[in-house]
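Shown next, in structure tokens, is the structure this report addresses.
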Amino acid sequence: MRIGVYVCHCGLNIAGVLEPSSLTEFAKTLPDVEVARDLQFTCSDTGQETIKEDIVEHKLDSVVVAACSPRLHEPTFRRVISEAGLNPFMLEMANIREQCSWVHMDEPPQAQEKAKDLIRMAVAKAALLNPLQGETMPVSRGVLIVGGGVAGIQAALDLADSGLHVYLVERKPTIGGYMALLTDVFPTNDCSICVLAPKMTDVYNHPLITLMTYAEILNIEGSVGRFTVSGVKKARFVDEKLCKGCINECAGVCPVEVPDEYEFGLGKRKAIYMPIPQSVPLIACVDPEACIGCGLCSEACPVDAVKYDQRQEEFRFDVGAIIVATGWQSFDPARKEEYGYGRFRDVITGLQVERLLNAAGPTGGEVVRPSTGEVAKSVAFLQCVGSRDETVGNQYCSRVCCMYALKNAPLIKEKYPDAEVSIHYIDLRAGGEGYEEFYMRAQRLGVNFIRGRVSEVEKVDGHLRVNYEDTLLGGFRSKPYDLVVLSAGLEANKEADVIGNLLGLSKRPDRFFEIAHPKMRPVEAHIDGVFIAGCASGPKEIQVSIAQGEAAAAKSMRLLLRGELTLDPVVAMVDTEKCIGCKLCVETCPSKAISVDKTALVDEAACKGCGTCAAACPVDAIDMRLFSDEQILAQVRAATAVKGQYPFIVGFLCNWCSYAGADLAGTSRIQYPTNMRAIRVMCAGRVDPAFVIEALKGGADGVLISGCRLGECHYSKGNYQAYQRVQVLRGVLEKVGINPGRVKIVWCAASEGEILAKEVRTFVRELKEMGPVGTELRVLGVPEPPGGDR
Amino acid sequence: MKLAYYPGCVARSTGREYEISTLAVCRALGVELEEIDDWNCCGATHVSNEIVSTALAARNLVRTELPVMASCSICYSRLRAAMIRLKDRKVRERVNEALEVKYEGEKDVEHVIETITKSLGEAEDLEDLVVRPLAGLKAAPYYGCLLTRPGGGIDSPENPSILENLIRTLGAEPTDFRLKMKCCCGPIFMPEEEAAAETLIRILRNAKESGADFVVALCPLCHLMLDANQPLLEKKFGEKIDLPILYVTQMAGLALGLGAEELGLEMNSVSTRSVLEKLEAAEGEGAEKELC
Ligand SMILES: Cc1cc2nc3c(=O)[nH]c(=O)nc-3n(C[C@H](O)[C@H](O)[C@H](O)COP(=O)(O)OP(=O)(O)OC[C@H]3O[C@@H](n4cnc5c(N)ncnc54)[C@H](O)[C@@H]3O)c2cc1C
Ligand code: SF4
């Protein structure tokens, strides 16, 4: 192996504390180093050219750049060496700026020693690097969209228009989701179905959209680029090709009436029915639960479309990406017993009032008391029912109910100017473009706003009374109303649980699907190739649901439009000779990338390279292509080769949070002791107990492992696994007489440079108290472990 | 069935008739009670200090291996609340520092209404126990606030039905008593007497309007507020209420055939004679019918 080492001055950023020229001289003494130079600014054009020339002239195999953080310039130098003909992965960086010169400004001599160690570690790893090739893989150009609400519809149209093939699978007999059932919608009060119906029809007519309604997905296999989806289309007992959608003929003669789920129980439908007049597809459906098989509809159908012997049909297709747009379900307001829903007929929900206000609804648009059928003269809206309420397990705000109450209260007021309409609220949340103006309009129209959570709804002498504390005027009040509307919150859709389980999606504590990062990756799931849009990832209004549908579509296009996928070569690989098929890795893998058929098999497209499996494997049969066991162990040995300082710490920092946190300590010039030699790993879960033992054996006084804060792991649960392993390891150490406090695991976010610095300071202090490694064994009279040469 | 009996302080003061009738009813139902040795306050007097009130309750719980029965809703609620708090490791550690016997696992704690309901439910022949069904009597089921709280216990905290069901089992008829869940105002009676009186009179009026012959109470504080207080309220509002307030155990005892004395009925402030008379009259009628 012929290695070139480049030590950067970075102006005075490095050279102000360290001596690059003597570091260069030091590098020249290391094995395999063919050439070493110090450069003013290695990332400058001149610096880059020097490296390139050296690669050619000295026939270098790999390159070490001792400069800033790899998180900053690794891509730059990978490009540079590949321009000179080297494989881009033949690069290793020693971080002597963010994690050395900037954080040890007051201790140049110790910093210099640390820099030497960091270079020795980098050279040791560089000697073991292998060229890696990101394989390309052809991908399916199809996209599955689960859920035909407004989010799914929008995603389907965007994708199909861009030339990808869409399979839109909807559980219900029609697409449209909840939006199809709402009356006018905020913030502009346009008629909901009028703006949605054209999109629904476009979906139906689009040549690149295969629409499957009344269908259930039963299985999803494979990974990004090549998922295989299968399921069934339930029998409608109506021939889709024959049915003309006239519905009156068949439903007119059907003798069975059941509560209409599309009217939220306010109206009735027949056993043969059309969900809504604008149903897409416009095909009747027989409800097998309700049908008594009398045959009247079949006789009445002018085109003989009713087929009682119809069977469900299976389907199966391949796609490259999946968009989960499974929406939400309503909080069951009967759970708030004090509000009397289900006991008092005139207590209804926000969704029910949407239907009452709808001209196509069960009352032709009249807002009536269900108990009497008379128009309600006084109406109360009760906010936050089932939201912001720990007694029902929902801490979160449902985000749209303030706005829909602010929409429906004025709609009632406009229709019946004499009606008394009040909104009982805790806070009114109208954040969004045009939303505050919407709120003010409701105020101008004379809607009453009463602040205070309602304590109960009771029925006194046949009349509803709302009891509450008015927290603005002070005092307890009781007010009679004709109609009470509960603004029930939005909950995670239970019907989507199957999909979540099939794909291995994780859920937040609020039970909605979790996105890969709460800010930065709003529509990506933890699983590659899977996106989440609309209310499936939390309550949101139509506008944002559409935006997310569009974003998920764009992400899918980016993934699939080229027709092939270049895979990241930093993945796990299995030594099938060693593998014993124990399946521990399958359980460990957060990306569901490993399967076992006698021996383990890594799906390289799905693997994200965290390395948790490699640390978990009991027989070392799994290793990583980069950050391999061999490379990390070589770094550990190089780190402990000299041990110029006491206490001496080997650190393992996860790339996403802790390493970035350490870099931040550098950019913020937070000073901390020079005792730690940090090794970058992709995830704290990568840290194999063997690495820790190697460090202690080599004479390190302590090992610090730092991962993302719990719950924030880039790979979802790697830090928990690291924690478990450390606990076990500490137990073992204690048994053999080594102070378990020598192995420490801490959490540090990328924004917490100060925390990382503090942890190092504390650990140094703790280790000083413990004394050099092995002290405890000497006390016990056990022979010292090898390597304890102090 | 054998249970540990937690009397609570009121049983030995203003609520003597509750204890008397509780012991009598349990005897009649074949429920053996073993009073917790050296019991102390349930913690209600120290609710403002979480650790003290929880430790007080815990000290009672650890003094027995048996499931614990309390008849006072406040005690019952405190014991349950303490068990919920004690699930928190930190609270448990702090509480255990103060206890000689440590609190380890959860206990079964029940209210006497559960004990009665369960015993009757398990009876092979209900008629053997309910020898004097309360036919013809109308009872207003008064829950008060603490029997069902903290939630997740006996019954729904907002709209429970366990008392109505018991009333029916005993042969009487529960009335539609809208204010059955209203607080008896015991805790605010001293500082907010006016507000408390207003609420109490509403509760009593509502119970009377519901057509009840008597109100059933589950808690000595509720009983005190509605029973002992009733003459004062009558005077204050210048109206006659005259509504007997029976403890659930007194009502059950009557149906089990126990005598007024055994149930301490003469100790109630509002005379319970009207109830007894109505019961006798109904029995007379029933007997006549049987004879014909
Ligand atoms: C009373 C009320 C009034 C509202 N008014 C407004 C308003 O005026 N303006 C506004 O912007 N927002 C309003 N909203 C919010 C609006 O309803 C949502 O923003 C919108 O429904 C979100 O669309 P979606 O596609 O994410 O979910 P959904 O509409 O819930 O659609 C999800 C679809 O996925 C399907 N599905 C679920 N699981 C599966 C599965 N396993 N397989 C196949 N298909 C599945 C469902 O059947 C459904 O068709 C209101 C909400 C309420 C409760
Ligand atoms: S949107 Fe308004 S009503 Fe809905 S939960 Fe949030 S604050 Fe409550």
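Please treat every number below as a calculation from the coordinates, not as lab data. As the structure is a prediction and not an experimental result, all values here were calculated from the model. As a convention, Cβ positions derive from the backbone with ideal geometry for all residues, glycine included, and neighbour counts pool all protein chains shown.
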Net charge over other residues, Cβ less than 13 angstrom from the Cβ of A:Arg680 (K, R count +1; D, E count -1): 0
Specify the angular offset, from 0 to 90 degrees and rounded to the nearest 10, of the alpha carbon long axis of helix A:45-57 from the longest principal axis of the alpha carbons in chain A. 60
For segment A:330-490, alpha-carbon Rg over 2.2 N^0.38 Å: 0.96
FRET efficiency, A:Glu53 to A:Met137 (Cβ-Cβ, R0 45 Å, nearest 0.05): 0.80
Per-residue counts of other Cβ atoms within 10 Å, averaged by peptide: what ranking do you get for A:186-193, A:287-294, A:693-700, B:18-25, highest first? B:18-25, A:693-700, A:186-193, A:287-294
Which whole-number percentage describes the relative contact order of segment A:627-790, with Cα contacts under 8 Å and a sequence gap of 6 or more? 30
Mind checking which helices in chain B clear 24 Å along their axis (Cα) and have mean Kyte-Doolittle hydropathy of -1.0 or more, DSSP H runs only? B:273-291
Calculated P(r) tail over 17 Å for segment A:410-497, as whole % of Cα pairs: 60
Out of all DSSP beta bridges in segment A:350-452, what portion is antiparallel? Express it as a percent rounded to 5. 20
Based on the Cα atoms of segment A:34-186, what semi-axes does the equivalent ellipsoid have, where each is the square root of 5 times one gyration tensor eigenvalue, given in whole Å with the largest first? 53, 22, 14
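Considering lysine pairs in segment A:397-518 that are 8 or more places apart or on different chains, how many have Cα atoms under 26 Å apart?
The result is 7.
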Of the options B:Leu263, B:Ala195, B:Thr249, report the single residue whose Cα projects farthest towards the positive end of the charge dipole of chain B (beta-carbon charges: Lys, Arg +1; Asp, Glu -1). B:Ala195
Can you give the Rg/Rh ratio of segment A:567-616, where Rg is from the C-alpha atoms and Rh is the Kirkwood radius? 0.91
Pairs of alpha-carbon atoms within less than 8 angstrom and 6+ residues apart define the contacts here; what relative contact order does chain B have, in percent? 20
Between 0 and 90 degrees, rounded to the nearest ten: what's the tilt of helix A:435-444 against the longest Cα principal axis of chain A? 30
Computed over segment A:627-790, the ratio Rg/Rh where both radii use C-alpha atoms and Rh is Kirkwood: 0.95
Could you give P(r) for segment B:2-112, binned at 10 Å from zero, as whole percent values over all Cα-Cα pairs? 15, 49, 27, 8, 0
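Translational diffusion coefficient, Stokes-Einstein: compute it for chain B using the Kirkwood radius over C-alpha pairs as Rh, at 10 °C and 1.306 mPa s, and state it as an integer in µm² s⁻¹.
Approximately 81 µm²/s, per Stokes-Einstein.
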Per residue, how big is the convex hull of chain A when only Cα atoms are used? Give it in Å³. 206
If you take the charge dipole of segment A:291-362 about its Cα centre, with +1 on Lys and Arg Cβ and -1 on Asp and Glu Cβ, which of A:Gly327, A:Cys291, A:Gly340 is farthest toward its positive end? A:Gly340
Segment A:627-790: Lys pairs at Cα distance under 23 angstrom, eight or more positions apart or on different chains: 13
Run the dipole for segment A:1-132 about the Cα centre, Lys and Arg Cβ at +1, Asp and Glu Cβ at -1, nothing else charged, and hand back the magnitude in debye, nearest 20. 300
Full extension from A:Asp239 to A:Lys578: what is 0.36 nm times the residue separation minus their Cα-Cα distance, to one decimal in nm? 116.4 nm
Cα-only Debye scattering, segment B:126-291: base-10 log of I(q)/I(0) at q = 0.09, 0.17, 0.18, 0.19 Å⁻¹: -0.30, -1.02, -1.13, -1.24
For chain A: relative contact order, % (alpha-carbon pairs under 8 angstrom, 6 or more apart): 11
Partners for B:Lys236 among lysines (Cα-Cα distance below 22 Å; same-chain residues under 8 apart left out): B:Lys182, B:Lys208
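Using the C-alpha atoms of segment A:114-233, what convex hull volume per residue, in cubic angstrom, is computed?
It is 210 Å³ per residue.
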Using the number of other C-beta atoms within 10 angstrom as an exposure proxy, rank A:His424, B:His223, B:His111, A:His517 with the fewest first. A:His517, A:His424, B:His111, B:His223
Quick one: if the Förster radius is 60 Å, what FRET efficiency do A:Ser22 and A:Asn189 give, using the C-beta to C-beta distance and rounding to 0.05? 0.20
Which lysines have a Cα lying under 17 Å from the Cα of A:Lys233, excluding residues fewer than 8 positions away in the same chain? A:Lys172, A:Lys241, A:Lys307
Rounded to the nearest angstrom and ordered from largest down, what semi-axes does the equivalent ellipsoid of segment A:1-75 get from its C-alpha gyration tensor (root of 5λ)? 19, 15, 11
Using a Förster distance of 51 angstrom, determine the FRET efficiency expected from the C-beta separation of B:Arg273 and A:Val258, and round it to 0.05. 0.40
Can you list the lysines whose alpha carbon sits under 23 Å from that of B:Lys118, skipping same-chain ones fewer than 8 residues off? B:Lys2, B:Lys107, B:Lys138, B:Lys180
From the gyration tensor of the Cα coordinates in segment A:248-310, what semi-axes in whole Å does the equivalent ellipsoid have, largest first, with each one equal to sqrt(5λ)? 19, 14, 10
If you take every DSSP beta bridge fully contained in the protein assembly as shown, what fraction is antiparallel? Give it as a percent rounded to 5. 40
